1. Which count do you get for residues in the stretch 39-65 that are out of contact with any strand residue (DSSP E or B) (no Cβ under 6 Å at 6 or more places or on another chain), more than 12 Å from Arg28 (Cβ to Cβ) and in a strand (DSSP E or B)?
2. Does Ser24 satisfy the criteria of being open to solvent by less than 70 Å² (accessible area, probe 1.4 Å), of a type in the set (S, T, N, Q) and touching a strand residue (DSSP E or B) at 6+ places or on another chain (Cβ under 6 Å)?
3. From the list Tyr7, Tyr76, Tyr83, which residue is outside any loop (DSSP other than H, G, I, E, B), of a type outside the set (Gly, Ala, Ser) and more than 23 Å from Asp138 (Cβ to Cβ)?
4. Identify the residue in the stretch 108-134 that is touching a helix residue (DSSP H, G or I) at 6+ places or on another chain (Cβ under 8 Å) and touching a residue at least 60 places away in the same chain (Cβ under 8 Å) and, among all such residues, is farthest from Met145 (Cα to Cα).
5. Which of the residues belonging to the stretch 123-136 are over 18 Å from Phe68 (Cβ atoms) and part of a strand (DSSP E or B)?
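The values are calculated or read from the model by the stated rules, or taken from the named source; none is laboratory data. Being a predicted model, the structure only gives us computed values, none of them experimental. Here the Cβ is made from the backbone with ideal geometry for all residues, glycine too, and neighbour counts use every protein chain on show. Ligands, DNA and RNA are excluded from the accessible area calculation, which covers all protein heavy atoms including side chains. Shrake-Rupley method; radii C 1.70, N 1.55, O 1.52, S 1.80 Å.
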Amino acid sequence: MKIHIVYDENVKEAEITVVCRELSDEVRRLLAAAEFSENKLTGVKDSQIFILRYNDIIYIDTADKHIFIYTSDDVYETQLRLYELERQLPVSDFFRANKSCIVGIMHIRSIRADIDGRLLLTMDTGDKLWVSRQYAADFRKKIGM
């Protein structure tokens, strides 16, 4: 991969242009890393890259070693790992619900306690997600429950 940097005193905002033959994993990771600096993530759907704002993310989940970002409109894939996303997302807005899921707090519609100490979340989209016992105490503290 080649990197070219052009300095121009007249430029008001930095701009990144990527020229590539194909949307390789390397290019996807580069774009995802660049977007983190702006409170945005990149997600891939149908071989297109979409810029996703943190506020639009309902939850992030893993399946078959792939990471998916769920919004109210669609599902996108990202090349970033769950632990990388957890470090970058604002702690005040997101929390780890279990080993494979990060949840956007503002998109929780309701919470139901289960007998075994887990919590069942119903999201704005109607999706139901479990908060495991391991993470339930931290979640309760976070929301003042």
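1. 2
2. On the way: open to solvent by less than 70 Å² (accessible area, probe 1.4 Å): yes; of a type in the set (S, T, N, Q): yes; touching a strand residue (DSSP E or B) at 6+ places or on another chain (Cβ under 6 Å): no.
Here the answer is no, as Ser24 does not meet what is asked.
3. Residue meeting the stated conditions: Tyr76.
4. Only one residue tops the list, namely Thr125.
5. Here is the first cut: in the stretch 123-136, the residues over 18 Å from Phe68 (Cβ atoms) are 131-136.
Result: Val131, single match.
Let's see how each residue does on (1) out of contact with any Phe, Trp or Tyr (no Cβ under 6 Å at 6 or more places or on another chain); (2) assigned to a loop (DSSP other than H, G, I, E, B); (3) not hydroxyl-bearing (Ser, Thr, Tyr):
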position	(1), (2), (3)
Arg96	no, no, yes
Ser110	yes, no, no
Leu121	yes, no, yes
Asp138	yes, no, yes
